[in-house]
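The values are calculated or read from the model by the stated rules, or taken from the named source; none is laboratory data. Owing to the predicted nature of the structure, the values given are computational and were not obtained by experimental measurement. Glycine gets a Cβ as well: all are built from the backbone with ideal geometry, and neighbour counts include every protein chain shown.
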Amino acid sequence: MAEQDQSPVFQIQRIYLKDLSLEQPNSPQVLLEQTQPAVDIQLSMSAEAVAQSLFEVTVTATVTTKVGERVLFLVEAKQAGIFEIRNVPAEQQQGILGVVCPQMLYPYLRAIVSDVCTRAGFPPILLAEVNFQAMFEAQQQAQLAQAASANGAPN
């Protein structure tokens, strides 16, 4: 029995929409626009412990569409999940939180953003696939470089 207590555990406790915002500051005039808008998509991810062995991971998409300087619409969606992770080494835990969990949440986020755009009267915005592994590795390298420069900086 004691061996089972030490076996690694990774499970989804809950997946939910944490926040959703739609702004159309120039409606109804922008609904008549025939010009192709510029679309800016920003993605971010966060993870934090919420209880012992429980972590909340959030993937956020901010989509801004403009014609010139006028905003047609802005959508911000935060898809979150609570994950149980126990008896996993810290370095593996970081990979699970930074890669595996966001990959599980992202399809929900993509669907929400597309649906909100359509319901707002615009063509759907289809978020491209994301390589969370590459994002995680780039973030780790940036942290290592920052730590190295901080340690090498003269006082």
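Being of a type outside the set (Ser, Thr, Tyr), over 22 Å from residue 109 (Cα atoms) and surrounded by 11 or more Cβ atoms within 10 Å (Cβ to Cβ) is the filter here; which residues of the range 1-36 pass it? Break it down stepwise before answering.
The first filter runs over the range 1-36 and keeps only residues of a type outside the set (Ser, Thr, Tyr), leaving 1-6, 8-15, 17-20, 22-26, 28-34, 36.
Applying the additional criterion that residues be over 22 Å from residue 109 (Cα atoms) yields 1-6, 8-9, 25-26, 28-34, 36.
Hits for the range 1-36 are 8, 9, 26, 30, 31, 33.
Give the range 89-102 a look and list any residue that's under 17 Å from residue 13 (Cβ atoms) and in contact with a helix residue (DSSP H, G or I) (Cβ under 7 Å, 6 or more places away or on another chain), or say none. Show your work before the answer.
At the first step, the residues of the range 89-102 found to be under 17 Å from residue 13 (Cβ atoms) are 93, 96-97, 100-102.
Correct list: 102 only.
So residue 89 fits all but one of (1) closer than 29 Å to residue 5 by Cβ; (2) at pLDDT 95 or above; (3) of a type outside the set (S, T, N, Q); what number is the exception?
Among (1) closer than 29 Å to residue 5 by Cβ; (2) at pLDDT 95 or above; (3) of a type outside the set (S, T, N, Q), the lone unmet condition for residue 89 is (2).
Output the number of residues of the range 40-57 satisfying the condition of being exposed (fewer than 13 other Cβ atoms within 10 Å of the Cβ) and touching a strand residue (DSSP E or B) at 6+ places or on another chain (Cβ under 7 Å). Write out each step before concluding.
Narrowing the range 40-57 to residues exposed (fewer than 13 other Cβ atoms within 10 Å of the Cβ): 40, 42, 44, 48-52.
Remaining after also requiring touching a strand residue (DSSP E or B) at 6+ places or on another chain (Cβ under 7 Å): 40, 42, 44, 48-50.
Number of matching residues: 6.
Do you know which of the residues in the range 116-138 that are assigned to a helix (DSSP H, G or I) and loosely packed, with under 13 Cβ neighbours inside 10 Å is modelled with the lowest pLDDT? Spell out the reasoning first.
First, the residues of the range 116-138 that are assigned to a helix (DSSP H, G or I): 116-119, 132-138.
Restricting the remaining residues to those that are loosely packed, with under 13 Cβ neighbours inside 10 Å gives 118-119, 134, 138.
Details: 118: 94, 119: 93, 134: 88, 138: 85.
Among those that are assigned to a helix (DSSP H, G or I) and loosely packed, with under 13 Cβ neighbours inside 10 Å, it is 138.
Only one residue in 60, 64 is surrounded by 14 or more Cβ atoms within 10 Å (Cβ to Cβ), touching a residue at least 12 places away in the same chain (Cβ under 8 Å) and over 21 Å from residue 16 (Cβ atoms). Which one?
Being surrounded by 14 or more Cβ atoms within 10 Å (Cβ to Cβ), touching a residue at least 12 places away in the same chain (Cβ under 8 Å) and over 21 Å from residue 16 (Cβ atoms) holds for just one of 60, 64, which is 64.
How many of the residues in the range 69-103 are over 16 Å from residue 54 (Cα atoms) and in contact (Cβ under 8 Å) with a residue 12 or more places away in the chain? It would help to see each step written out before you state the result.
In the first step, residues of the range 69-103 are kept if they are over 16 Å from residue 54 (Cα atoms); the result is 69-79, 91, 99, 103.
If we keep only those that are in contact (Cβ under 8 Å) with a residue 12 or more places away in the chain too, we end up with 70-79, 99, 103.
So the count comes out to 12.
I need a count of the residues in the range 71-91 that are out of contact with any Phe, Trp or Tyr (no Cβ under 9 Å at 6 or more places or on another chain) and charged (D, E, K, R).
3
Take the range 28-79 and flag every residue that is touching an Asp or Glu at 6+ places or on another chain (Cβ under 6 Å) and either of a type in the set (A, V, I, L, M, F, W, C) or part of a loop (DSSP other than H, G, I, E, B) (or both).
50, 53, 54, 67, 74
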